[in-house]
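Participant: One structure is given below, represented as structure tokens, and several questions about it will come after.
The values are calculated or read from the model by the stated rules, or taken from the named source; none is laboratory data. Keep in mind it's a predicted model, so treat the numbers as computed, not measured. Here the Cβ is made from the backbone with ideal geometry for all residues, glycine too, and neighbour counts use every protein chain on show.
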Amino acid sequence: MLRSRIIPCLLVRNKGLVKTVQFKDSKYVGDPINAVKIFNEKEVDELIVLDIDATKEGREPDFKMIQNLANESRMPLCYGGGVKTVEHAKQIIHLGAEKVALSSAVIEKPELIIDIGKAVGVQSVIVILDIKKKGFLGKYQVYTHNGTKPTGKDPKELAQQFEKLGVGEIVISSIDNDGMMKGYDLKLIDLVRDGINIPISILGGAGSLEDIKEIIKKYKVIGVAAGSIFVFKGKYKAVLINYPNKGEKKNLIK
């Protein structure tokens with residue numbers, strides 16, 4: 001039986017760990033390898049690592065960094081950033097990651113989901129939809145290239161299309177709520193979740209463990225991902241890698 005997962009999401013820029021606000025104003029917060037070591041000790045459920053500039057800069061995945069991360073990680077690792085081909089995905093899995101996160105490549109070429117699924121297994125194929133409200137009416141739209149390129153695509157319709165193509169999981173990522181630490185966008189979650197039956201994870205907006213608990217309680221089996229809450233401490237946002245202890249976690253997912 002599937003269970004709820006609490007997932008730290010690490011953003012990488014120029015090989016350094018950063019945090020952003022609405023996909024902008026990145027702040028360097030340390031070495032991603034050191035963060036992985038700390039998360040190992042805290043026995044996290046899963047870890048997502050995203051190279052946020054790879055696609056925007058036209059780079060392929062940083063395979064050396066992926067190897068270093070995978071060698072250090074004692075938890076399931078999902079990597080995304082610059083993944084455009086079946087060979088990219090196969091190499092990432094070969095290096096030790098359990099999942100490959102896709103975005104712009106499958107929006108441009110949806111059938112890539114089928115090809116990568118055949119190569120590495122559908123359970124390892126994840127699509128991240130970076131979503132932002134657009135216009136006066138606040139209609140949701142999917143963006144790519146680190147939130148800089150509007151696609152004109154509706155997130156619910158894309159999620160349904162990707163489900164039909166066999167994707168293993170959809171990550172709903174709110175650009176508007178990224179780094180704001182004011183809670184998740186429940187309307188966005190409802191919009192996408194009500195249209196599909198595959199596993200989903202939520203990213204963008206967690207400011208407290210109560211925000212995570214609310215999502216798990218409302219939606220039951222779901223992956224709840226967050227960045228700022230796991231790398232910052234206090235109102236001045238001092239850098240401190242943290243994660244719920246066993247007692248806290250038990251209270252969150254009960």
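Participant: Before we move on, is I175 of a type in the set (V, I, T) and closer than 17 Å to F23 by Cβ?
Facilitator: For I175, the condition - of a type in the set (V, I, T) and closer than 17 Å to F23 by Cβ - is met.
Participant: Within segment 20-42, how many residues turn out to be assigned to a loop (DSSP other than H, G, I, E, B), in contact (Cβ under 8 Å) with a residue 40 or more places away in the chain and surrounded by fewer than 19 Cβ atoms within 10 Å (Cβ to Cβ)?
Facilitator: Going through segment 20-42 one residue at a time, the tally reaches 2.
Participant: Still on this structure, please answer the following. Wholly within segment 145-254, which helices (runs of 4 or more DSSP H) include no fewer than the required count, namely at least 3 residues that are among the charged types (D, E, K, R) and farther than 22 Å from K133 by Cα?
Facilitator: On the way: elements: 155-165, 186-193, 209-219, 228-231, 246-253.
Result: 209-219, 246-253.
Participant: Could I ask something else about it? Looking at D154, D185, D178 in this structure, which one is free of Cβ contacts under 8 Å to residues at least 24 places away in the same chain and either closer than 19 Å to T55 by Cβ or surrounded by 20 or more Cβ atoms within 10 Å (Cβ to Cβ) (or both)?
Facilitator: D185
Participant: Restricting to segment 108-149, name every residue that is over 29 Å from Q91 (Cα atoms), over 17 Å from the mean Cα position of the chain (by Cα) and not polar (S, T, N, Q).
Facilitator: Going residue by residue through segment 108-149, those that are over 29 Å from Q91 (Cα atoms) are 132-141.
Then drop every residue that is not over 17 Å from the mean Cα position of the chain (by Cα), which leaves 133-141.
Within segment 108-149, K133, K134, G135, F136, L137, G138, K139, Y140 qualify.
Participant: Something else now. From the list N146, N197, which one is on the phi > 0 side of the Ramachandran plot and either of a type outside the set (A, V, I, L, M, F, W, C) or modelled with pLDDT of 95 or more (or both)?
Facilitator: N146
Participant: In this structure, does V125 turn out to be surrounded by 21 or more Cβ atoms within 10 Å (Cβ to Cβ), under 19 Å from P155 (Cα atoms) and of a type outside the set (D, E, K, R)?
Facilitator: When the stated conditions are applied, V125 passes them.
Participant: For segment 66-90, how many residues meet the condition of being closer than 14 Å to T55 by Cα, of a type in the set (S, T, N, Q) and buried (at least 18 other Cβ atoms within 10 Å of the Cβ)? Lay out the reasoning, then the answer.
Facilitator: We begin by selecting, within segment 66-90, every residue closer than 14 Å to T55 by Cα; these are 79-85, 88.
Keeping just the survivors that are of a type in the set (S, T, N, Q) gives 85.
This time we only want the ones that are buried (at least 18 other Cβ atoms within 10 Å of the Cβ), so: none.
Total satisfying the criteria: 0.
Participant: Out of all the residues in segment 53-104, which are assigned to a loop (DSSP other than H, G, I, E, B), hydrophobic (A, V, I, L, M, F, W, C) and either over 21 Å from I38 (Cβ atoms) or at pLDDT below 95 (or both)?
Facilitator: Answer for segment 53-104, where residues must be assigned to a loop (DSSP other than H, G, I, E, B), hydrophobic (A, V, I, L, M, F, W, C) and either over 21 Å from I38 (Cβ atoms) or at pLDDT below 95 (or both): A54, V83, L95.
Participant: For segment 56-70, does any single residue satisfy the condition of being of a type in the set (D, E, K, R), within 23 Å of V21 (Cβ to Cβ) and touching a residue at least 40 places away in the same chain (Cβ under 8 Å)?
Facilitator: The answer is yes, given that some residue of segment 56-70 is of a type in the set (D, E, K, R), within 23 Å of V21 (Cβ to Cβ) and touching a residue at least 40 places away in the same chain (Cβ under 8 Å).
Participant: Yes or no: segment 84-91 includes at least one residue that is within 28 Å of I6 (Cβ to Cβ) and among the polar types (S, T, N, Q).
Facilitator: No, every residue in segment 84-91 fails to be within 28 Å of I6 (Cβ to Cβ) and among the polar types (S, T, N, Q).
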